[in-house]
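Notes follow the structure.
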Amino acid sequence: MSSRKNEHSSIEDILKEFVETNRLQQGLDKVNVKDAWQQLMGNGVNNYTTAIELKRETLYIKLSSSVLREELSYGKEKIISMLNESLGKEVVKKLVLS
């Protein structure tokens, strides 16, 4: 464990350093993108969402409704921008609906 740099570090700075040191950002992004999807899409879409997985910069969404999948495919770019805006950074560059 690293030694203290000074007595007045904020918790935010300490947590950022911990995440960087232990290379945890990718895992946090996976959790955060799942939460963002569930919040942005609401219960209607979440009821038909069977799996959410982020691999590199591609978000894979499995849906149990082919009709919903077709509807969402028309707004992929908007969904990507809404997710990234919600996350505060560009995490998702591609969306795959299956």
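Structure notes:
- Residue that is nearest to ILE79 (Cα to Cα), among those in the stretch 24-49 that are small (Gly, Ala, Ser) and within 13 Å of the chain's Cα centre (by Cα): ALA36
- Inter-residue pairs, beta-carbon under 7 Å, first closer than 23 Å to VAL67 by Cβ and among the aromatic types (Phe, Trp, Tyr) and in the stretch 23-52, second outside any loop (DSSP other than H, G, I, E, B) and open to solvent by 30 Å² or more (accessible area, probe 1.4 Å), 6+ apart: TYR48/LEU68
This table checks each residue for (1) of a type in the set (A, V, I, L, M, F, W, C); (2) on the phi < 0 side of the Ramachandran plot.
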position	(1), (2)
ALA36	yes, yes
GLY42	no, no
THR50	no, yes
GLU53	no, yes
SER64	no, yes
ASN84	no, yes
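- On the stretch given as the stretch 15-43, residues that are among the basic types (Lys, Arg), in a helix (DSSP H, G or I) and over 15 Å from ASN84 (Cβ atoms) total 1.
- Within the stretch 54-76, the set of residues being without any contact (Cβ under 8 Å) to a residue 12 or more places away in the chain and under 15 Å from the mean Cα position of the chain (by Cα) comprises LYS55, ARG56.
- All positions within the stretch 66-98 that are surrounded by 14 or more Cβ atoms within 10 Å (Cβ to Cβ) and either at pLDDT below 90 or closer than 14 Å to VAL31 by Cα (or both): LEU83, ASN84, SER86, LEU87, VAL91, VAL92
- Hits in the stretch 44-92 (condition: among the hydrophobic types (A, V, I, L, M, F, W, C), under 15 Å from LYS34 (Cα atoms) and not in a strand (DSSP E or B)): VAL45, ILE79, ILE80, MET82, LEU83, LEU87, VAL91, VAL92
The values are calculated or read from the model by the stated rules, or taken from the named source; none is laboratory data. From a predicted model like this one, the values you see are computed outputs, not experimental measurements. Methodologically, a virtual Cβ is constructed for each residue, glycine included, from the backbone with ideal geometry; neighbour enumeration extends over all protein chains shown. To get the accessible areas, we keep the full protein, side chains included, count just its heavy atoms, and leave off ligands, DNA and RNA. Shrake-Rupley method; radii C 1.70, N 1.55, O 1.52, S 1.80 Å.
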